[in-house]
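Read the structure below first, then the notes.
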Amino acid sequence: PTTVMWFRRDLRLADNPALLAALETARADDSAVVGLYVLDDVLWRRAGANRLAYLRESLRALDEACGGRLVVRRGDPVDVVPRVVREAGAAEVHAAAGYEPYGRRRDDEVAAALDGPGVPLVRTGSPYAVAPGRLFTQSGGAYQVFTPFRRAWLEHGWREPVHRPRQIPWADLPGEDLPHSPEPTARLPRAGEEAARRRWRDFLDDGLADYPAARDRPDLAGTSAMSVHLRWGEIHPRTMLADLATAQSDGAPSEAVATFRSELSWREFHADVLYHRPDARTRSLRAVVPDDAWTRGEQETEWLTAWTEGRTGYPFVDAGMRQLLATGWMHNRVRMVVASFLVKDLHVRWQRGAEHFMAHLVDGDVSQNQLNWQWVAGTGHDAAPYFRIFNPVTQGEKFDPDGEYVRRWVPELREVAGRRVHQPWKLDTPPADYPAPLVDHAHERKVSLDDFQRGR
Ligand code: FAD
């Protein structure tokens, strides 16, 4: 019999415990491993053109690493996996466990479908250093507050990365050509395990030491840009945590190491929250403003469109929205500001913004996206308080002090020098082709605070 290794969000060979488990079974039987990826129609339809194009490239890289033997099949995994098992005469299917609402349901259904022929779906490892659902508070509940979660997460710790197998006896099984994906709308980063490792090494060498000072500055390349590689599992966070520990013992500043580690723990916190509250994908964990506070009808459509296209008249917001359209990525500081602007200046529900983000982000990840939106909107467990409303002008002046970032993404403002670019309406002659502010921030801020008072 053969053994199936079903790749999902772990498109790599290094530090992949599920792959090692599959290999161990195969070796015991002196047989081959079928490397399988199922293009699930449900996920294929949900992901935007950028994420699909990135996935294609990542699968191509994985296929190359598998000596051209990766078997890609399209369809519903509940049908496809048992079919591949029959074709390959497989005795076991191995995979890393899935934790999102959809992935959990799918895995249970696949396991049930394999139960008939008596083939186990063996789940080993997860896309996280500490699997969601593992940590509990002293009273036995799920964590709702980040800081104690992080403390427990650090205390719990994680295992060492596992080795990358040198020889894998891949089975030969016909696959399908990768289906055409719509043309990506953005310039995408290089995909695959190799690219992820290279990017990470560069960051450790050249970016980590400055990370605490530079991470909030969208005008600088001060962050790791690892989110997309983590999203697809081209690298495991445990590998990164081990490398951080090594960097620290080699003299990297401990503040930088701690700050970066803390960001990784946010990722694990959000995954844990969604695990316990799958409804948080679409529903606010708590209501903070009355239902009549939201913009509706044509006004909503008009404002939402201006926001998605980067035409709100607030340069820092517009630069972020255009960076998203051009690259499939947006700097974290700007994600927070544009999200706050949508919810608290335009009074549009966070779900609408989250949907636009998911359609364009290459790192779009349901737990990270939805819970970060809930954080900004003040509806999450441990969220920013609703009354904390980002001022799009002062945020720009503080985190893009010379206006470099705005000029990079908003060509209409390229001729405006320095920080004055953050308030073009104050110029003697504002650029004719750049829109006037869609709303007055000071006014909308008051509206939001009133809504918040009414909701209490
Ligand atoms: P770095 O600053 O280099 O951080 C290193 C890693 O830490 C990141 O790769 C990421 O895995 C993790 N991290 C950093 N900040 C956060 C955070 N706030 N929450 C969770 N993990 C974090 N991140 C996604 O991966 N997918 C999303 O769909 C997503 N949607 C977001 C939506 C909103 C409204 C906001 C405010 C944030 C969102 N984030 C999302 C979090 C964050 O913006 C990105 O992870 C980060 O910008 C990625 O860039 P980086 O890898 O250079 O970050």
Of (1) within 27 Å of A49 (Cβ to Cβ); (2) touching a residue at least 60 places away in the same chain (Cβ under 8 Å); (3) of a type in the set (D, E, K, R), E355 satisfies every one except (2)
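Specify which of the listed residues (V393, V410) is more than 13 Å from the ligand (Cβ to nearest atom) and within 30 Å of R46 (Cα to Cα).
V410
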Would you be able to say whether some residue in segment 269-289 is closer than 25 Å to T223 by Cα, more than 13 Å from the ligand (Cβ to nearest atom) and not hydroxyl-bearing (S, T, Y)?
no
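Table: residues versus (1) surrounded by 17 or more Cβ atoms within 10 Å (Cβ to Cβ); (2) more than 21 Å from V72 (Cα to Cα); (3) away from the ligand (no atom under 11 Å from the Cβ); (4) free of Cβ contacts under 8 Å to residues at least 60 places away in the same chain.
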{"site": "R164", "(1), (2), (3), (4)": "no, yes, yes, no"}
{"site": "I168", "(1), (2), (3), (4)": "yes, no, yes, no"}
{"site": "A186", "(1), (2), (3), (4)": "yes, yes, yes, no"}
{"site": "A191", "(1), (2), (3), (4)": "yes, no, yes, no"}
May I ask you to verify whether D250 is closer than 18 Å to R333 by Cα, more than 13 Å from the ligand (Cβ to nearest atom), at pLDDT 95 or above and not assigned by TED's automatic domain parsing to the domain that holds L52?
no
Contact list please: Cβ distance under 7 Å, first residue in segment 428-456 and on the phi < 0 side of the Ramachandran plot, second residue of a type in the set (G, A, S), pairs at least six apart or on different chains.
P435/G313; A436/G313; P437/G313; L438/A306; L438/G313; D451/A293; G455/A287
Return the residues of segment 28-47 that are in contact (Cβ under 8 Å) with a residue 60 or more places away in the chain, loosely packed, with under 15 Cβ neighbours inside 10 Å and over 23 Å from D365 (Cβ atoms); say none if nothing qualifies.
D29
Out of the residues in segment 314-329 meeting the condition of being among the hydrophobic types (A, V, I, L, M, F, W, C) and surrounded by fewer than 24 Cβ atoms within 10 Å (Cβ to Cβ), tell me which one is modelled with the highest pLDDT.
W329
Kindly list, by first and then second residue, each pair from a residue in segment 330-352 that is more than 18 Å from G380 (Cβ to Cβ) and at pLDDT 95 or above to a residue that is assigned to a loop (DSSP other than H, G, I, E, B) and small (G, A, S), limited to pairs with Cβ atoms under 9 Å and residues at least 6 apart or on different chains.
H331/G222
Positions within segment 358-382 being more than 10 Å from the ligand (Cβ to nearest atom) and without any contact (Cβ under 8 Å) to a residue 24 or more places away in the chain, in sequence order
none
Going by the conditions given, is L154 hydrophobic (A, V, I, L, M, F, W, C) and either crowded, with 20+ Cβ neighbours inside 10 Å or in contact with a Leu (Cβ under 8 Å, 6 or more places away or on another chain) (or both)?
no
Within segment 217-237, how many residues turn out to be more than 9 Å from the ligand (Cβ to nearest atom), surrounded by fewer than 20 Cβ atoms within 10 Å (Cβ to Cβ) and touching a residue at least 24 places away in the same chain (Cβ under 8 Å)?
2
Any residue in segment 404-422 that is β-branched (V, I, T), touching a residue at least 24 places away in the same chain (Cβ under 8 Å) and outside any helix (DSSP H, G or I)?
yes
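The values are calculated or read from the model by the stated rules, or taken from the named source; none is laboratory data. What you see is a predicted model; the values in this text were computed from it and never measured. All Cβ positions, glycine included, derive from the backbone under ideal geometry; neighbour counts span all protein chains shown.
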